[in-house]
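A short write-up of the structure that comes next.
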Amino acid sequence: MLAIASSILPTEAFAQQARSERQQIDISAGTLPRAVAELAREAHVSIGTEGSLPNTRTRALRGRITVSEALARLLRGSGWVARQVGPTAWRIEPALLPEPTLAPAPTPAPAPAPVPLAPPQPIMVTAAKTARDYLTLPAALARVDLSDEVSLLPQQGSSSVAMQVEGLSLTAAGAGRNRMFLRGVADSPFTGESQTTVAVMLDSARVTYSAPDPDLWLVDVEGMEVLKGPQGSLYGVGTLGGIYQIRTRRPQQGETSMAMSGGLEAVGHGDIGYGGQVVGNLPLAGDTVALRLVGYGMREGGWVDTGARADSNSLTVSGGRAALAIEPEGGWRIDLSGMAQRINSNDSQYVYAEGARQRPAQLPEPHDNDITLVAAHAAGPLGALTLALDSSYVWHEVGDTFDATQGAESFGVADPRLLHDDREYRVWNSEALLSGEFGPVSWLLGAAHLQARQTLVSTLESATDPAAAVVDDDRRKSTESALFGNLRLPLLTDLSLELGARLFAGTVRDTRLVNGVPVVEDLHRTGLTPSAALSWRLSDTGMTYLRYGSALRQGGVEIGAGGELEPFDSDELATLEAGWRQLMGAGQLELSLFATQWNHVQSDVLQPDGLIETMNVGDARIVGVEASWSRDFGEHWHVAAGGTLTEGHLYRDAEEVRLSDRSLPVVPEYTLRGEVEHRFALGRAEGQVNLRLNYLGPAHLSFDPLLDRDMGNALLSQLSARVLLGDLALGLAVENLFARNDDTFALGNRLRLFTTEQFTPVRPTTASFSVGYRF
């Protein structure tokens, strides 16, 4: 019997590469059959096998090598060899024993027939804790992959991903200031003390708990996975909307390489920007230990004129990562990593007139978002099982400054000038995960402990008094210890049941400043967040599913209107969704419908004095539909499209009073997305041109009638081109092709929000050029 591993039908460009050129290969340690299948997928080739390969363990294989070299390494010592039988086809056969010296020469065997191409290999995803076949995962997941040459050129952060993922929404306050939401699970446009509804992950390390999106720049990154819907059964408290995971490129044993790139940008009616990045990979002990280093920095030109200060809202980003990979014997891998990023913005980017890009003179409102992370990961076989251990620690500081010459009178400070919000976040997360299979049943079981600390100190600076007044001082320590598990078992040939649950015990300690005296309050909560799903495999390339998921956030205390401490309850969210996923030759289609019930919604509410307090505001319902489609047309064209319809309302307030016309904040009522890409060859060079359009429908700033503002109805556009000539990459991009100035966010300075309208226009037309080279 001939078993075949194959990628999607290769283009001529891929065929030429498969014949002779070295390619970037990244195959994790595992079994020989899975490693061969992964090689076929990455290299876009077919690999046939005479019979079944042994289920032996293979070491990780990473580096720029040919397919023949990769097969030789994987098969070394296995008793099997690979032979190329076509431009993009290899056959794996048992190695022949040496013939005796006096034996007659064997009759030459006829040349084998070309190996036919098989259906596409499984698309593996990791956001669900373990590597899963995309067509066995009963949940909505979006995957954005960055090819090797794309990751070589300078990349931006979360906003570029949101343009490609249905249901992912960001506030548009600026880099490092934004809140992230998924599937309409949006509680407030303000950044207060409540836990975020989307957890940001860097590989297996949790980056955020209560902080705004750190907007990590996508440098030397393989791609992103966005797991939609509540994920309380796997990830615990706070994951009401889902998971946003960034997958970095890992150190590659046996490879010494370096890549550098840089670029310039010009902002229409604005300033000049520039940036660069460098990536290095160094083997330290043969095929056992490798080090990977990443560094980057950029300056983004400003485009808002504030009085006489032209282009006042420029910003800088700098950062780096270091990763050490160790692969001892026995199929284990240990990863030690660290990263740091610094975002510093010189001013805010809102205006006071719709369509304007200038505003009257006011004091600068700088912002900084500084994050540092260290992480350790170890994974390997434990008999027939797989054990994974993770631990990470995050230091995160976020600072905002607001012009307080208007709106701060209630604090009783003479001649108020600036309000400073200084926030510190610490997140320590550790987890042990054991997974395996028992016949047709697959399972995982884990234990986790999380400790998060957050501090907010707000001070009001006076023009006449050098001593700043402390107007708010909030401190919170949250802990959670949990046991969780997931079980997948077949009911019929094509029907499977998946059950998950997380049993947790959590504590929140709030320390609040009341009449100048710190007051401490402890709240304890134990609970269970379950999930359940039925999936039906329609064919080798399609599935449909029905899923129930749940998650919650722990309660706490805040200062009430009378100055006393008032508790607020945990909020709990449950979603029922139905989905259909279909791979169609050179294309893919995904459709999902969901309905969400959200009880005791926690929201960061703006008070009349300009401070923010967290409170329960009532119950909400969200219903929606998402669709995405993509397809290759021949070798040279790729088309993608997607859209969402989301209706989310607060229908009952905290006093059980029915409400009407109270839309949840920020999330557009509908979105549309389209993308067209053309691939071409220019002599020895390969290139592509990509056009991307996104329309964000109408949205609301708040469900509070006193604060609600209409926003949205914005068209985002980007035209990009890149050319790859060997190890040289060139890129050109233009954003905002139609010079739109649509309002994307109706908030800038919260002290003035009760008395003035605020608008955040789309960034002006911006052209950028970049060049990268790989050594």
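Would you pick out the residues in the stretch 512-562 that are among the charged types (D, E, K, R) and in a strand (DSSP E or B)?
Those that are among the charged types (D, E, K, R) and in a strand (DSSP E or B): Arg512, Glu521, Asp522, Arg525, Arg537, Arg547, Arg553, Glu558.
Which condition from (1) outside any helix (DSSP H, G or I); (2) in contact (Cβ under 8 Å) with a residue 60 or more places away in the chain; (3) more than 19 Å from Ala128 (Cα to Cα) is the one that Ser410 breaks?
(1)
For the stretch 479-506, which positions are at pLDDT below 95 and of a type in the set (S, T, N, Q)?
Thr493
May I ask you to list the residues in the stretch 533-570 that are of a type in the set (Gly, Ala, Ser) and open to solvent by 40 Å² or more (accessible area, probe 1.4 Å)?
Once the filter is applied, which keeps residues that are of a type in the set (Gly, Ala, Ser) and open to solvent by 40 Å² or more (accessible area, probe 1.4 Å), the stretch 533-570 yields Ser539, Ala561, Gly562.
Answer with yes or no whether Tyr296 is surrounded by fewer than 17 Cβ atoms within 10 Å (Cβ to Cβ) and of a type in the set (Phe, Trp, Tyr).
For Tyr296, the condition - surrounded by fewer than 17 Cβ atoms within 10 Å (Cβ to Cβ) and of a type in the set (Phe, Trp, Tyr) - is not met.
Which residues, counting only those in the stretch 194-211, are under 17 Å from Pro665 (Cα atoms) and either at pLDDT 95 or above or open to solvent by 10 Å² or more (accessible area, probe 1.4 Å) (or both)?
Gln195, Thr196, Thr197, Val198
Check whether at least one residue in the stretch 488-504 is open to solvent by less than 20 Å² (accessible area, probe 1.4 Å), within 28 Å of the chain's Cα centre (by Cα), in contact (Cβ under 8 Å) with a residue 40 or more places away in the chain and over 24 Å from Leu445 (Cβ atoms), and report yes or no.
no
Would you pick out the residues in the stretch 389-442 that are under 24 Å from Gly174 (Cα atoms), in contact with a His (Cβ under 8 Å, 6 or more places away or on another chain) and among the hydroxyl-bearing types (Ser, Thr, Tyr)?
Residues satisfying the conditions are Thr401, Tyr425.
I'm trying to understand the selection: among the residues of the stretch 405-454, which are at pLDDT below 95, within 32 Å of the chain's Cα centre (by Cα) and among the acidic types (Asp, Glu)?
Glu437
What are the residues in the stretch 131-159 that are among the hydroxyl-bearing types (Ser, Thr, Tyr), modelled with pLDDT of 85 or more and over 30 Å from Arg91 (Cβ atoms), if any?
Ser158, Ser159
Quick check on this structure: which one of Ile243, Ile272 is free of Cβ contacts under 8 Å to residues at least 40 places away in the same chain and in contact with an Asp or Glu (Cβ under 8 Å, 6 or more places away or on another chain)?
The conditions single out Ile272.
Six or more apart or on different chains, Cβ atoms under 8 Å: show the pairs whose first residue is in the stretch 322-351 and free of Cβ contacts under 8 Å to residues at least 60 places away in the same chain and whose second is in a loop (DSSP other than H, G, I, E, B) and β-branched (Val, Ile, Thr).
These pairs meet every condition: Ile326/Thr288; Pro328/Thr288; Asp347/Val304.
With (1) touching a Gly at 6+ places or on another chain (Cβ under 9 Å); (2) under 12 Å from Gln349 (Cα atoms) as the list, and Gly731 as the residue in question, which single condition is left unmet?
(2)
Only residues that are surrounded by 17 or more Cβ atoms within 10 Å (Cβ to Cβ) and assigned to a strand (DSSP E or B): list them for the stretch 398-407, please.
Hits for the stretch 398-407 are Val398, Asp400, Thr401, Phe402, Asp403.
Go over the candidates Leu693, Leu707 one by one and state the one that is under 22 Å from His636 (Cβ atoms), surrounded by fewer than 20 Cβ atoms within 10 Å (Cβ to Cβ) and either at pLDDT 95 or above or not polar (S, T, N, Q) (or both).
Going through Leu693, Leu707 in turn, just one is under 22 Å from His636 (Cβ atoms), surrounded by fewer than 20 Cβ atoms within 10 Å (Cβ to Cβ) and either at pLDDT 95 or above or not polar (S, T, N, Q) (or both): Leu693.
Here are the criteria: (1) assigned to a strand (DSSP E or B); (2) more than 25 Å from the chain's Cα centre (by Cα). Tell me which single one Arg631 does not satisfy.
Condition (2) is where Arg631 drops out.
Condition first: part of a strand (DSSP E or B) and of a type in the set (Ser, Thr, Tyr). Now tell me which residues in the stretch 262-310 satisfy that.
Tyr274, Tyr296, Thr306
Just to verify a result, which residue in the stretch 710-764, among those that are among the hydroxyl-bearing types (Ser, Thr, Tyr) and under 26 Å from the mean Cα position of the chain (by Cα), is nearest to Ala408 (Cα to Cα)?
Out of the qualifying residues, it is Thr760.
Looking at Met163, is it at pLDDT 90 or above, over 22 Å from Gln688 (Cα atoms), open to solvent by 10 Å² or more (accessible area, probe 1.4 Å) and of a type outside the set (Phe, Trp, Tyr)?
Judged against the criteria, Met163 is not a match.
Applying the selection to the stretch 329-352, what residues are open to solvent by 30 Å² or more (accessible area, probe 1.4 Å), within 26 Å of the chain's Cα centre (by Cα) and under 16 Å from Leu387 (Cβ atoms)?
The answer is Ile334, and nothing else.
Can you pull out every residue in the stretch 227-252 that is open to solvent by 10 Å² or more (accessible area, probe 1.4 Å) and polar (S, T, N, Q)?
Result: Gln245, Thr248.
The values are calculated or read from the model by the stated rules, or taken from the named source; none is laboratory data. In this text the structure is predicted, and so the values were computed from the model without any measurement. Don't worry about glycine lacking a Cβ; one is built from the backbone with ideal geometry, like all the others, and counts go over all protein chains shown. These area figures cover heavy atoms from the full protein model, side chains too; ligands, DNA and RNA do not enter into them. Shrake-Rupley method; radii C 1.70, N 1.55, O 1.52, S 1.80 Å.
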